[in-house]
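Asker: Pasting in a structure now, in structure tokens, and then I'll have a few things to ask.
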Amino acid sequence: MAMNRIPGHNIYVGGILSLKNKAALERENFTHVLSVLRLGSDEIFSSYQHHKIDVDDVDYENLLEHFPDAIKFIQSGLDGGGGVLVHCAMGKSRSATICIAYLLHQKRNEASFTPQAALELVREGRPLCEPNDGFMQQLELYHEMGCPDDVSEHPIYQRWLYRREVEESVACGRAPEMESVRFEDDQPSIQQAQPTPEREVELKCRKCRRGIASSKYIISHEEEKRENAKARSNVECAHIFLHPMKWMRSSLYPSASDSNPNAQFTGDAPLSGRLACPNPTCGANIGKFAWQGMQCSCNSWVVPAIGLAKARVDIKPLASGNLPPAALGIRLPPGMRPTEPTQPGSGRGNL
């Protein structure tokens, strides 16, 4: 089983041994070969258009960044009327991942066509295909992003890279470098990255009433709760977890310069600590952070964890712009109140 065709497409998935089957390569009119592994010499590909992706078959390898170029290469081969061979060492994980990414991109307007559905289609031709867990997660992210032609600037991709860097730093026993932290209120495209919540809220320090964050900066860990068999769904979470924000710098990096918050931080930042209210005249303890993660009261883990204690903040619904001022508790001066229609017997027309 050197190589197999994906049903409905002139794309073949195979291992390194498929390149030795010269008769099959000529019979299927292969014009493009995509190698998803680390290779030495490229001489064997002199008869084909060749594209190489140097990656290993390990969970932490970033294959997602190569999806757009790989998809363009595959499409160019198909548009030219030839066959395309996508191979890795065994034709099981890396090559299958690239083919799934291509199928997702082709059907990106079909929400029901998920990475799992694409994998099943690939398996119809090659049953042994099994991307590793890390690659499947990257395919899920790609699908969540809408399978864009460029992933590098997408907020979801950037946030994923940021979390990877945090994990690498924590594994070395240190906090991430400040310049690598993704402060969400510094990102111009955050509105595109966050779904619109059903109820917009604002979080305020309970002591000084200073605004701290709104709904778009809140991290929901409902999915983790569903996946965690030990999670207690009937227990209310004691913390509200947030993405990093600029006002947190003084807590996350206490030795950083207040006069120049954008300056490079060179000191040793703590792995965990307390969050202080950003109001300099207040400074109340409103929560805590732990780059290595924190277990919520519902038993779910959030990594990295920056949590506001619900007992230290007030949660206020943000009023809708369509509501009249009176509904918001605002009493306007007489000259600014809206004119109400006069009804017989109401007595208001005589004032």
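Asker: Take the residues in segment 27-44 that are under 38 Å from the mean Cα position of the chain (by Cα) and over 15 Å from Ser95 (Cβ atoms); name whichever of them is modelled with the highest pLDDT.
Answerer: The extreme case among them is Thr31.
Asker: Still on this structure, I have one more. Among Thr97, Thr114, which is the only one that is touching a residue at least 40 places away in the same chain (Cβ under 8 Å) and β-branched (Val, Ile, Thr)? Don't jump to the end; show me each part of the working.
Answerer: Details: Thr114 fails: touching a residue at least 40 places away in the same chain (Cβ under 8 Å).
Result: Thr97 is the single residue among Thr97, Thr114 that is touching a residue at least 40 places away in the same chain (Cβ under 8 Å) and β-branched (Val, Ile, Thr).
Asker: Take the residues in segment 52-104 that are part of a loop (DSSP other than H, G, I, E, B) and among the charged types (D, E, K, R), then tell me which one is nearest to Asn10 (Cα to Cα).
Answerer: Checked segment 52-104; the qualifying residue nearest to Asn10 (Cα to Cα) is Lys92.
Asker: Anything in segment 31-83 that is surrounded by fewer than 17 Cβ atoms within 10 Å (Cβ to Cβ), more than 15 Å from Ala101 (Cβ to Cβ) and polar (S, T, N, Q)? List them, or say none.
Answerer: Ser41, Ser46, Ser47, Gln49, Ser76
Asker: What number of residues in segment 134-176 are farther than 30 Å from Ser112 by Cα, in contact with a helix residue (DSSP H, G or I) (Cβ under 9 Å, 6 or more places away or on another chain) and not in a helix (DSSP H, G or I)?
Answerer: The total comes to 2.
Asker: Given the conditions (1) over 24 Å from Ser47 (Cβ atoms); (2) in contact with a helix residue (DSSP H, G or I) (Cβ under 9 Å, 6 or more places away or on another chain); (3) of a type outside the set (Lys, Arg), which single one is not true for His87?
Answerer: (1)
Asker: Another question, then. Residues of segment 17-30 being surrounded by fewer than 18 Cβ atoms within 10 Å (Cβ to Cβ) and under 20 Å from Asp79 (Cβ atoms), which ones?
Answerer: Within segment 17-30, Glu28, Asn29 qualify.
Asker: Can you go through Glu198, Glu223, Glu179 and tell me which one is assigned to a helix (DSSP H, G or I), modelled with pLDDT under 85, loosely packed, with under 12 Cβ neighbours inside 10 Å and of a type outside the set (Val, Ile, Thr)?
Answerer: Glu223 is the lone residue from the list that is assigned to a helix (DSSP H, G or I), modelled with pLDDT under 85, loosely packed, with under 12 Cβ neighbours inside 10 Å and of a type outside the set (Val, Ile, Thr).
Asker: Could you list all residues from segment 21-48 that are within 22 Å of Val122 (Cα to Cα) and without any contact (Cβ under 8 Å) to a residue 60 or more places away in the chain?
Answerer: Asn21, Ala24, Arg27, Glu28, Asn29, Phe30, Thr31, His32, Val33, Ser35, Leu37
The values are calculated or read from the model by the stated rules, or taken from the named source; none is laboratory data. What you see is a predicted model; the values in this text were computed from it and never measured. Cβ sites come from the backbone with ideal geometry, for glycine too, and all protein chains shown count toward neighbours.
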